[in-house]
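The values are calculated or read from the model by the stated rules, or taken from the named source; none is laboratory data. Predicted model only: the values in this text are computed from it and were never measured. Quick reminder, even Gly has a Cβ in these numbers, built from the backbone with ideal geometry, and neighbours come from all protein chains shown.
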Amino acid sequence: MPSNRWLIEGTLETLSNLRIGNGDITSRDELKYEDADGWENVKISAFITDAQDAAYIPGTTLKGKLRYLADNLGIPTLEQIFGSPDPEKEGAVGGKVSFFDARTHMEDFVLSDEQTGQLAHWDASRKTGVSAGVTISRKTRTASDKRLFHQEFVPKGVIFKVRIAGVDMSDEEVQDLLFVLEGLNRTPVGASTGDGWGKLRWTPTVMKSLDETGLRN
C-alpha cells in the first residue's frame with residue numbers, strides 16, 4: 001500500500017497560439033479550393049482532439065516537456081519523479097507521477113474583439129482556428145511555389161485543466177515537481193515556438209495529499 005498519494009491540479013492558459021498536431025487531417029466547410037475536378041475541401045493539419053472532438057493537451061506532451069525542463073534544471077529527483085528514460089535498462093525505475101490529459105471545459109469561451117477580426121475559420125466546439133503558411137525550401141530558404149499549407153491551432157485565452165497524481169513521494173520530490181511546473185511559465189510548448197507560439201501560464205489551484213494520518217491540503 002502506498003505511504004502517500006498526491007493530487008496536484010491547476011490550469012494552463014494559452015498566452016499565444018498553441019499548436020500540437022497528431023498527423024490527422026481535418027477540414028472546414030467554408031474552406032475550399034477549385035481544381036480540374038471541381039471544388040475540394042482544403043486539407044488542414046489537425047490539432048489533436050479528444051473523443052468529444054475538442055482540442056486538448058496530452059498527458060504525454062506535458063510529461064515530456066516537464067522532464068525536459070527537469071533535466072535542463074539539473075533536478076536531482078528527475079528519475080524518481082518521471083522514471084528512467086530507458087525502462088528496459090538494468091536498474092531502471094518507474095516514475096512516481098502520472099500526468100492526465102489536460103482538457104478545456106470552456107463551453108462559453110468567446111473570442112475577444114481583436115481575435116474576432118483576426119482569427120480565421122474559428123470552430124467553437126474544437127476551440128481551434130486555422131492559419132495558412134507557405135513551405136520554405138531547405139535549399140533556397142525561400143517560399144516554395146504552390147506549397148501553401150493550413151494548420152489548426154488553439155488561440156490565446158483558452159484554459160486547459162491539468163491534473164497530476166503521485167504516489168510514495170518524498171517532500172523533496174513534491175517540491176521539485178512544483179518547481180518544474182513553474183517552468184511552464186517560461187518555456188513554450190508545441191510547434192512553431194520560434195514564431196512565438198506555445199506560451200502558457202501555469203496556475204496551481206489544488207494540492208492535496210493522503211497518508212496514514214489522513215487528508216492534508
Please indicate, with yes or no, whether at least one residue in the range 47-55 is in contact (Cβ under 8 Å) with a residue 12 or more places away in the chain, in contact with a helix residue (DSSP H, G or I) (Cβ under 9 Å, 6 or more places away or on another chain) and of a type in the set (Ser, Thr, Tyr).
no
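Which one is nearest to the chain's Cα centre (by Cα) among residues in the range 30-47 that are in a strand (DSSP E or B) and closer than 17 Å to Phe153 by Cβ? Please lay out each step first, then the result.
Filtering the range 30-47 down to residues in a strand (DSSP E or B) leaves 32-35, 38-41, 44-47.
So of that shortlist, the ones also closer than 17 Å to Phe153 by Cβ come out as 44-47.
On the way: Ile44: 19, Ser45: 16, Ala46: 14, Phe47: 10 Å.
Selected residue: Phe47.
This table checks each residue for (1) in contact with a Lys or Arg (Cβ under 7 Å, 6 or more places away or on another chain); (2) of a type outside the set (Lys, Arg).
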site: Arg19; (1), (2): no, no
site: Trp39; (1), (2): yes, yes
site: Asp86; (1), (2): no, yes
site: Glu90; (1), (2): no, yes
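Considering each residue of the range 86-113, count those that are in contact (Cβ under 8 Å) with a residue 12 or more places away in the chain, closer than 27 Å to Asn4 by Cα and either assigned to a loop (DSSP other than H, G, I, E, B) or in contact with a His (Cβ under 8 Å, 6 or more places away or on another chain) (or both), and give that number.
The initial filter retains those residues of the range 86-113 that are in contact (Cβ under 8 Å) with a residue 12 or more places away in the chain, namely 93, 95-106, 109, 111-112.
Going one step further and asking which of them are closer than 27 Å to Asn4 by Cα, we end up with 93, 95-103.
Retained after the next criterion (residues that are either assigned to a loop (DSSP other than H, G, I, E, B) or in contact with a His (Cβ under 8 Å, 6 or more places away or on another chain) (or both)): 93, 95-96, 100-101.
Of the residues in that region, 5 qualify.
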Confirm whether Val93 is among the aliphatic types (A, V, I, L, M), over 25 Å from Asn185 (Cα atoms) and out of contact with any Gly (no Cβ under 7 Å at 6 or more places or on another chain).
no
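I want to confirm something. Restricting to the range 85-104 and keeping residues that are aliphatic (A, V, I, L, M) and under 22 Å from Glu172 (Cα atoms), which single residue is modelled with the lowest pLDDT?
Of all residues in the range 85-104, those aliphatic (A, V, I, L, M) come to 92-93, 97, 102.
Next, only the ones that are under 22 Å from Glu172 (Cα atoms) stay: 92-93, 97.
Numbers: Ala92: 75, Val93: 81, Val97: 97.
Taking the candidates together, the pick is Ala92.
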